[in-house]
Amino acid sequence: MLTVTSIGRSFGDHQVLDGVSFEVRAGRMTGFLGANGSGKTTTMRIVLGVLAAHSGTVTWDGAPVTGAVRQRFGYMPEERGLYPKMGVAEQIAWLGRLHGLDKATAQRNTARLLEELELDHRAEDRLEELSLGNQQRAQIAAALVHDPVLLILDEPFSGLDPIAVETVLGVLRERASAGVPVLFSSHQLSVVERLCDDVVIISGGKIAASGARDELRTRYGTPRFELVVASDAGWVRDVPGVRVVDVDGPRAVFELLEPDADQVVLGTALGRGPVRGFSPVVPTLDEIFMEAI
Amino acid sequence: MTTGKQSFTTATRLIAEREIKTFLRSKGFWIGLAVIVLGLFAMSVLPTVLGGDQTKVAAVGSKAVEVMAGSGLEVRQVDDVEAARALVRDEEVEAAVVPDDGGTSATGVRVIALNDPPVDVLASLRTTPPVDLLDASEVGQGVRQLVIMVFALVFLMFGMGGTAIAQSTVTEKQTRIVEILVSTVPVRALLAGKIAGHTLLTLGQVAVIAIVAPLALSLGGHSQLLALIAPALGWFVPFLLLGFVLLASMWAVAGSLVSRQEDLGSSMGLVVMLVIGPYFGVMFFADNATVMTVLSFVPFSSAIAMPVRLFAGQAQAWEALVAMGLLAATVVVIVLLASKVYSGSLMHTGGKLALAKAWAGRDNTQA
């Protein structure tokens, strides 16, 4: 488990991170959300030792992260880059060795990964000869080749077509279910919503919210219900104890101002005619995000 | 970082291995080496093949003219021994054949030459007469010039060859792979690997030259010269290697200060000066003993100047050892400074980074 405890960092007079704390738990996909410039990349770079923190600690399984531990982390930086003139398989295997694998294991892992990522037919080509999407897959292979104990991916899905997203997703899920903690940042909330088990929301260099995705939903989302009746649903506005968010013909979405007011609405609706639908509305990550920051 | 010693060495080795492989695959490397090898052959073989001027000899007295007749050399008759000596001194003729007054010579003549016994003149005589040397320094002037030029050129080529280190560093910055590298291995291992890799490449090229040069020289019929150069080469190789490591670390820093290949020119100026300066210094002041003595102790220029002085017989072995010690100490200091600046500037992006800022920014990475 990776534990980040109140890390701070400034560039000149500009405080970029201020008391950032969160955890990335084993076997869970943790989504790291934040607007541009909120400190996501800086945080990741500090965890990876690319940048030094001015305060705070980063620990792995309770012990400070040393170079030897970090060597077993897998990292996909936001600004992609591998050696353009080096062969795809050759450089991934080389990076594997740099991460501490022996030559044979590095080559075996490379071959397996390229196959998983459907890139095996380009293994002998130079990186610069690949399309951007395929370079992205190679980049993911480079982060995974040494069977990392922790995966940190900065915007792993940007620049991928939907099919590639699914491929990459499959590979990441497989790692997570094998017990590897995965931290990935994204500004595509819908993607994160679908993927992550835990969410960390950062805003202005401070953690705005963090925890299990479902727990955050109940914490941040005001309970909402959607009612669909046979005729116009405008009457819901007059029911006491609720606030209507939206009415569109026979469909109404409302929030509860008093507990159990939903039952009052349902009872009234049944008294007025047929009810086609009645269900709680789970807040989207978008809404949690907007509310948290 | 508290990376174990083992993984530091392994990382350094892997980085060096990649640098070497990349280089052995580049056309430029092989073209450069081919140019050096061909140049060596051209310099030693061509003059012999093309013949050049016939060897000129001054002869004094009828006995000398008689002896030299049929030697195939161009014989110039002069009136007295003094005139012949003057011609030898002015290098108008290679040697003078004069009557032997002492009666020690079987043929009745003596040979006067400037620095070395004139091989081709002596070879043309049936019995070798006594030889008087006017200026019995160990090495002839022409040979000395040639050796200085070759040493200086080799230094220049390898020194400038260090640009490859700067380019490889910028490539890593520009493609951003540096972020993966820095998160995986200590920055010092990155620097050490680059220097080690390119030093090995240079050593390989020096080895090729060390094998080719004697071949070329004996092909060109300069076996004697080879015997003279050999001890100086023995000194030149370690001096060249130390000099290279010194420059290599500076090239790496030059590369780390900028983020794009296009900006490399702006940060390389100082290093280029440190390569070209010693080159021209030695070429221009080769005849000025004082300047050469100074140059032979100053690190950077000592890599050429000291072997040249040793070759000319102007320096003692202890001087060479002192100069080498100074050079080695400078290498240690510069490599330490370079690794600090390198760590500070490696993650910097944007325009050119000032040295002072790179120095101050060394807390950026946890190297």
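Table for the structure above
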{"item": "Calculated FRET efficiency for the pair B:LYS21/A:ALA35, C-beta based, R₀ 60 Å, to 0.05", "result": "0.90"}
{"item": "Listed residues A:LEU132, A:TYR220, A:ALA252: farthest to the positive end of the dipole of chain A (Cβ charges)", "result": "A:LEU132"}
{"item": "Farthest toward positive dipole pole in the stretch A:56-130 [+1 Lys/Arg, -1 Asp/Glu at C-beta], among A:GLY96, A:MET86, A:THR59", "result": "A:THR59"}
{"item": "Sequence-distant residues sharing a close amide H with B:LEU133 (under 5 Å, placed H)", "result": "B:ALA113"}
{"item": "Label point distance in nm, A:ASP260-B:GLU262, each placed 7 Å from Cα along Cα→Cβ", "result": "7.2"}
{"item": "Chain B - percent relative contact order, Cα under 8 Å, separation 6 or more", "result": "18"}
{"item": "In order through the stretch A:80-91: 3J(HN,Hα) via Karplus (6.51 cos²θ - 1.76 cosθ + 1.60), integer Hz, x for Gly, Pro", "result": "5, x, 9, 6, x, 9, 9, x, 4, 5, 4, 6"}
{"item": "Residue order, fewest to most surrounding Cβ atoms within 10 angstrom, among A:SER210, B:SER62", "result": "B:SER62, A:SER210"}
{"item": "Difference of contour (0.36 nm per residue) and Cα-Cα distance, A:ARG276 to A:SER21", "result": "87.2 nm"}
{"item": "Length-normalised contact order for chain A - Cα pairs under 8 Å, 6+ apart - percent", "result": "21"}
{"item": "Shielding by partners, peptide A:69-82 (average Cβ within 10 angstrom, other chains)", "result": "5"}
{"item": "Residues whose placed amide H lies under 5 Å from that of B:ARG110, excluding near-sequence neighbours", "result": "B:VAL98, B:ASP100"}
{"item": "Axial C-alpha extent at least 15 Å, average Kyte-Doolittle at least 1.0 - helices from chain B (DSSP)", "result": "B:27-50, B:141-161, B:187-219, B:223-256, B:264-284, B:317-345"}
{"item": "Calculated from backbone phi, Karplus (6.51, -1.76, 1.60) coupling profile of the stretch A:157-167 in Hz, x at Gly/Pro", "result": "9, 5, x, 9, 7, x, 5, 5, 4, 5, 4"}
{"item": "Exposure proxy ranking, count of Cβ atoms within 10 Å, fewest first, for A:HIS99, A:HIS54, B:HIS222", "result": "A:HIS54, B:HIS222, A:HIS99"}
{"item": "Peptide B:179-191 - average C-beta neighbours from other chains (10 Å radius)", "result": "6"}
{"item": "The protein assembly as shown: radius of gyration and largest Cα-Cα distance (Dmax), Å", "result": "38.5, 149"}
{"item": "5 angstrom amide H check on A:LEU153, placed H, neighbours 5+ away", "result": "A:MET76, A:LEU183, A:PHE184, A:SER185"}
{"item": "Förster radius 56 Å - calculated FRET efficiency between A:THR105 and A:ARG219, Cβ distance, rounded to 0.05", "result": "0.80"}
{"item": "Label-point separation in nm, B:VAL65 to A:MET1, each point 7 Å along Cα→Cβ", "result": "11.1"}
{"item": "Normalised contact order of the stretch A:65-115, rounded percent, pairs of Cα under 8 Å and 6 or more residues apart", "result": "33"}
{"item": "Total charge dipole magnitude, the stretch A:100-173, about the Cα centre, Cβ charges on Lys, Arg, Asp, Glu only, Debye to nearest 20", "result": "220"}
{"item": "Sites B:LEU200 and B:THR9, calculated FRET efficiency, Cβ-Cβ separation with R0 22 Å, nearest 0.05", "result": "0.90"}
{"item": "Projected label distance in nm at B:ALA356 and A:ASP13, using a 7 Å step from Cα toward the beta-carbon", "result": "1.9"}
{"item": "Electrostatic dipole magnitude of chain B [Cβ: Lys, Arg +1; Asp, Glu -1; Cα centre; debye, to 20]", "result": "2380"}
{"item": "Charged-residue dipole, Cβ positions (Lys, Arg, Asp, Glu), the protein assembly as shown about Cα centre, Debye nearest 20", "result": "1060"}
{"item": "Under the Karplus curve 6.51 cos²θ - 1.76 cosθ + 1.60, θ = phi - 60°, whole-Hz ³J(HN,Hα) for the stretch A:259-264, x wherever Gly or Pro sits", "result": "x, 6, 5, 4, 5, 5"}
{"item": "Furthest towards positive pole of dipole, B:PHE284, B:ALA354, B:LEU40, structure part chain B, Cβ charges", "result": "B:ALA354"}
{"item": "MRE, 222 nm, helices only [DSSP H, n ≥ 4, -39500 (n - 2.57), over chain A, to nearest 500]", "result": "-10000 deg cm²/dmol"}
{"item": "The stretch B:265-314-the stretch A:105-140 distance, computed between alpha-carbon centres (Å)", "result": "49"}
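Coordinate-derived values only; no laboratory data. Note that this is a predicted model, so its numbers are computed, not measured. All Cβ positions, even for glycine, are placed from backbone atoms using ideal geometry, and neighbour counts span all protein chains on display.
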